[in-house]
Amino acid sequence: MRILRILQILLVACAAAFAIAAPASAETFPALTGRVVDEADILDPATRSALAAILAGLEEKTSDQIVVATVPSLQGDSIEVYANRLANRWGLGQKDKNNGVLLLVAPSERKVRIEVGYGLGSTLTDGVAKYIIDQAILPRFRSGDMTGGVTAGITDIVAVLSGDAESWKQRAAAAQ
């Protein structure tokens, strides 16, 4: 009788563990195929190439790694959770510096996020990231210019990481 009770408890525990793990295991992420991963197919080839060249130049100059990703779906997650999981899965930035940045766009859900590694958090702050999204990316997205929004966002992120962080922090503070 006691063994039966223990088996029942173990069975319930296993079922609960499976139920918790199942959604996470069902989540799929695109492969990291380069500095621009356009799974939602919103960027033309010329823009992908131009962005990749800009990002490669920044990485060569600073070692900071930026990746642009567009996805067809967040698979039921919030943009914050999905971006964090994707950046961690891809291992963006140098491990010892944690200097990766992910610009994630989910056009079908109308969401955008700039996910910043801890090593760059004092340079590309949450306030600056929000300012870039609000001032550079979203206005272009609203007018139907997805390519222009992504390009403007990357241009501004690169400007911040190239040594202009203080002026961007002042602009972000003034906008709040």
Among A136, A83, A50, which is the only one that is at negative phi, in contact with a Leu (Cβ under 8 Å, 6 or more places away or on another chain), surrounded by 15 or more Cβ atoms within 10 Å (Cβ to Cβ) and aliphatic (A, V, I, L, M)?
A83
Give me a count of the residues in the range 60-76 that are among the acidic types (D, E) and buried (at least 18 other Cβ atoms within 10 Å of the Cβ).
1
Please go through the range 162-176 and give me each residue that is in a helix (DSSP H, G or I) and polar (S, T, N, Q), ordered by number.
S162, S167, Q170
What single numbered condition from (1) more than 22 Å from P72 (Cβ to Cβ); (2) surrounded by 15 or more Cβ atoms within 10 Å (Cβ to Cβ) fails to hold for D96?
(2)
Flag for R171 being within 20 Å of A69 (Cβ to Cβ) and of a type in the set (K, R)
no
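Bear in mind that the values in this text are calculations on the coordinates, not laboratory data. Quantities reported herein were computed from a predicted structural model and do not represent experimental measurements. As a convention, Cβ positions derive from the backbone with ideal geometry for all residues, glycine included, and neighbour counts pool all protein chains shown.
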